[in-house]
1. Examine region A:195-217 for a residue that is part of a helix (DSSP H, G or I), touching an Asp or Glu at 6+ places or on another chain (Cβ under 9 Å) and polar (S, T, N, Q), and state whether such a residue exists.
2. Using the structure shown, decide if A:Leu205 is within 11 Å of DNA strand C (Cβ to nearest atom), surrounded by fewer than 22 Cβ atoms within 10 Å (Cβ to Cβ) and more than 14 Å from chain B (Cβ to nearest Cβ).
3. Does region B:185-209 hold any residues that are under 22 Å from B:Val77 (Cβ atoms) and within 11 Å of DNA strand D (Cβ to nearest atom), and which are they?
4. Restricting to region A:128-141, and then to whatever is more than 16 Å from DNA strand D (Cβ to nearest atom) and aliphatic (A, V, I, L, M), can you tell me which residue is nearest to B:Met125 (Cα to Cα)?
5. Given (1) in a loop (DSSP other than H, G, I, E, B); (2) of a type in the set (Lys, Arg); (3) buried (at least 22 other Cβ atoms within 10 Å of the Cβ), identify the lone condition not met by A:Lys37.
6. Which numbered condition trips up B:Gln147, out of (1) facing another protein chain (nearest Cβ under 7 Å); (2) under 24 Å from B:Arg33 (Cα atoms); (3) among the polar types (S, T, N, Q)?
7. Output the number of residues of region B:89-111 satisfying the condition of being among the hydrophobic types (A, V, I, L, M, F, W, C) and either at pLDDT below 95 or within 15 Å of the chain's Cα centre (by Cα) (or both).
8. How many residues does region A:145-170 contain that are within 16 Å of DNA strand C (Cβ to nearest atom) and hydroxyl-bearing (Ser, Thr, Tyr)?
There are 2 protein chains.
Amino acid sequence: MGKCEQCIIKQFNSLKALTKDELVRISGCKTSRTIKKGEVIFEEGETLNGVYCVKDGICKLSKLSENGKDQIVKMVVKGQLLGQRSLISEEASNLQATALNDMEVCYIPKSEIFADLQKNSKFSMEVLKDMAHDLRDSDDIIVNMAQKSVRQRLAETLVYISDSFGTNPDGTLSVLLSREDYANIVGTATESAIRVLSQFKKEGLISTVGKYIKIENSAGLKRIE
Amino acid sequence: MGKCEQCIIKQFNSLKALTKDELVRISGCKTSRTIKKGEVIFEEGETLNGVYCVKDGICKLSKLSENGKDQIVKMVVKGQLLGQRSLISEEASNLQATALNDMEVCYIPKSEIFADLQKNSKFSMEVLKDMAHDLRDSDDIIVNMAQKSVRQRLAETLVYISDSFGTNPDGTLSVLLSREDYANIVGTATESAIRVLSQFKKEGLISTVGKYIKIENSAGLKRIE
DNA sequence: AATTTAATATGATATCTGTCATGTTTTATT
DNA sequence: AATAAAACATGACAGATATCATATTAAATT
C-alpha cells in the first residue's frame, strides 16, 4: 500500500499542508479502496467518520429533491477531498456521493485528521480556502440556475466539464455522463436535456462518438444566450 | 465606542472563540460605523481589507447576472460576520452587499483577524463550521432553484424570512423587502413575484399591512407544491 | 443469438414563466 | 399641496420547459 508521504495526489489538496510526521501517521491508519462505477460511496443522511482522498476517477455529489430528481451539486475528481464538509460540521452528510468512473480512494478516519485540523494552522487555512472557493462556486451556480435558460446552462456545463476534467485523445469529453446526469446537473427534465443536446448537434456545436460528446465549437457554446 | 470584550453580539458568531487578549487587541483597531438603508457596503469585485461584524440591521448579498438581474444569494443579519469568505480566499468579493435596514457594524481590519485565524485554532474551527454551514445552505438553494416552481420558492422564502429574521408585534415580517427583492431571491421576474404574492393574498395565505407582509397560514405555505 | 431492459430520441400538448403594455397606488421631492 | 418618480398591480401574449406518449437504439442478461 502506498505511503501518504510519497503520494503525489496530495499536492492537489489541503493535505499538502501537513507535515511529514503527520502524513506518516495518517498513512498508518488510512485504508485504500476501489469503488466501482455507479457505486454509492455515501448516502444523504449518512454519518461520515472520515474523508476520502480521491486518487483516481470521478464522482458526483447529489441531493434528492422532493419531486424525485437527484440534483447534482458538485463533481469531485482525482486529487480532491470528499466529505470535508460533513467532517467539519460534524453533521450527517447532506449529499449523496456516487462514482461516475471506477475510482481509487484513500479513506482517512476522522479521528486522525480532526486533530491535525486543530494543531496545524497551515492545514486548516488550506481547508478554509478550499471551502471559500466552493462557496464562491455555489454562488455562481445559484445565479446560473436562477437567471439562465436550460440551453445556456447546458452549454456552460459542457464547457465546464471539458475545461475541468479534460478530454480524451480524440477530443471527446473524458467524463462520460448519461443524459439524465446532464439533466440533473442543469436542473431540467431528462427529455429537455436530450432535446437541447440534439439541437447543439444539429447546430454543429457538438458531435457524438458513441456515448461520448465532443465539443466542436467551444466559442459558439460560450456565445449562447 | 464599545469594547469587543464586552460586546454581546460576538456570542452569535465565530468571534466568540477569541481570547480576551485577542478581543482587546481587535477592539483597539476596529471602527464602528452606521450604514443607511440602501447603501452599498461593498461591491462585486471590490477587495475587502477586513470583515464586518453586524451589530444591528440586515443586508443582502447579491451577484449581478448577465441579464441585468441582481440575484440575492444570502442575507446577513445582526450577529453575523460579513465578508469572511473574501477575507479567507484573499480574493476580491464575488458579491455585493447592500443594507436593507439602517445598520450598525464594526469593521475589523484584515491584518488583525488574519493573524488570529492562524494562531487560534478554536477560532479557525468556528469559521470553518460557519462556512460548512453556509455551504450546506447553498446546496439547498441550488436544489430549490433547479427543481421547484416560483410559487414554491416564494412560499419557502416567506417562511424562511419569518423563521430566520422574525416578526413585528403585529405579526408582519420584520424584514421589509420590495417585490423586486423577493423576485431577486427567488430568481424570477418582478412581475411574477408580484403576481404570486397577489395570489397568496387571494388564497388567504398572507395578508399585507401597507408594505409589510404577514403570514396568515404558515402550514398552507409549506404545503404548496 | 435472442430477449429483456435501459438509454436515447422525438412529437404533441399543457403549463409555467417572462416580457411588454398600461394603469394604479405609494413614496419622494419640489 | 402639487408634482414627479418609484413601486405595485394586472392583462395579454409569446416563449420556454415539463409531461406524457411512443419510437428507436444501445446495453445487459439469459
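1. No - not one qualifying residue is present in region A:195-217.
2. Considered against the rule, which asks whether it is within 11 Å of DNA strand C (Cβ to nearest atom), surrounded by fewer than 22 Cβ atoms within 10 Å (Cβ to Cβ) and more than 14 Å from chain B (Cβ to nearest Cβ), A:Leu205 comes out as no.
3. Within region B:185-209, B:Ala193, B:Ile206 qualify.
4. Restricting to residues being more than 16 Å from DNA strand D (Cβ to nearest atom) and aliphatic (A, V, I, L, M), the top hit is A:Leu128.
5. (3)
6. (2)
7. Count: 6.
8. Within region A:145-170, residues that are within 16 Å of DNA strand C (Cβ to nearest atom) and hydroxyl-bearing (Ser, Thr, Tyr) number 2.
The values are calculated or read from the model by the stated rules, or taken from the named source; none is laboratory data. Given the structure is predicted, the values throughout are model-derived calculations rather than measurements. Ideal geometry is used to build each Cβ from the backbone, glycine not excepted, and the neighbour counts take in all protein chains shown.
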